[in-house]
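Visitor: Mind having a look at this structure? Questions to follow.
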Amino acid sequence: MARSINRKMRHERLSQLIRQNPLLSDEELALALDVSVSTVRLDRTLLGVPELRERTRRMAEQATSKLRSLKQEEFIGELLELEPNRWALSVLKTRQEMAFRHTEYVWDHYIYAQASSLAIAVVGADMVIVGSIRGRFKAPAKVGDVLMARAKVGVHKGNKYIVSVRTRVGEKEIFVGRYIVVALDSEAERKVRGERLDTGA
């Protein structure tokens, strides 16, 4: 009886961990749950939770199908979850070419670009631009780190949205940004693109 209770609690904890961080590997889950990797694999199978690679692929497909404000190739990182006008999640796997010369530290503009593209992507409109941003870098990222950014839409008035973005490496928060993004209607979009608004002679 005690074993089945323990298993039930472990299953609940496993589901919770994956909800909080869908990029956890079986090894990381085993460490967090203090069980073997084979136990995690069995638990995942019983719960119908796919392995990390398949989980990531499915999430990315679902999220990008809802993306309106950016093309997939314009997005910085990989979009994993998207609920338009509510929240979004992306990951960026850092590589050596993203680092300052002769160091392991990632250029800050990659961290900012991931957060900005997520702030734009979370708004369900055809064209969205950043109006303003207040951001703070709290810690550096190093080559090989996986940056997980979460965006949450707060107050929204008219075509303006306040979006907060928090970027983490593991449990450490490295960037916090508060964006005001603007969804443009077709007329405003044409002005931004520099097209003539009058269609007459």
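The values are calculated or read from the model by the stated rules, or taken from the named source; none is laboratory data. Everything quoted here is computed from the prediction, not taken from an experiment. Positions of Cβ are backbone-derived with ideal geometry, glycine not excepted, and every protein chain shown enters the neighbour counts. What goes into the accessible areas is simple: the full protein's heavy atoms, side chains included, and nothing from ligands, DNA or RNA. Shrake-Rupley method; radii C 1.70, N 1.55, O 1.52, S 1.80 Å.
Visitor: If you consider only alpha-carbon coordinates, what radius of gyration and Dmax does the chain have, in Å?
Guide: Over the chain's Cα set, Rg and Dmax evaluate to 20.1, 83 Å.
Visitor: Okay, next question. Please compute the length gained on full extension between V143 and I180, using 0.36 nm multiplied by the number of residues separating them and subtracting their Cα-Cα distance.
Guide: 10.3 nm
Visitor: May I pose another question? Gain in length, N159 to D126, computed as 0.36 nm per residue apart minus the alpha-carbon separation, to one decimal in nm?
Guide: Gain in length upon complete extension: 10.7 nm.
Visitor: When only Cα pairs under 8 Å and 6 or more residues apart are kept, what is the percent relative contact order across the chain?
Guide: Across the chain, relative contact order equals 16 percent.
Visitor: Could you put S117, S38 in order of accessible surface area, largest first, with the 1.4 Å probe and the full protein assembly present?
Guide: S38, S117
Visitor: Using DSSP to define loop residues, name the trypsin sites (Lys or Arg not before Pro) in the range 5-103 whose beta-carbon has at most 12 other beta-carbon atoms within 10 Å.
Guide: K71, R86, R95, R101
Visitor: For n ≥ 4 DSSP H runs only, could you compute -39500 (n - 2.57) per run for the chain, divide by its residues and tell me the 222 nm figure to the nearest 500?
Guide: -11500 deg cm²/dmol
Visitor: If you don't mind, there's one more thing I want to ask. Return the inverse of the average 1/r over all pairs of distinct C-alpha atoms in the range 36-114, which is the Kirkwood hydrodynamic radius, in Å to one decimal.
Guide: 15.0 Å is the Kirkwood radius here.
Visitor: At a Förster distance of 25 Å, what's the computed FRET efficiency of K152 paired with R57, Cβ-Cβ distance as r, to 0.05?
Guide: Approximately 0.55, to the nearest 0.05.
Visitor: Modelling each spin label as a point 7 Å along the Cα-to-Cβ direction, I'd like the Q72/R95 distance in nm, to one decimal.
Guide: Distance between the two pseudo-spin positions: 1.8 nm.
Visitor: Once R0 is set to 41 Å, what does the formula 1/(1 + (r/R0)^6) return for the Cβ-Cβ distance between S65 and M9, expressed as a FRET efficiency to the nearest 0.05?
Guide: Efficiency computed from Cβ-Cβ geometry: 0.70.
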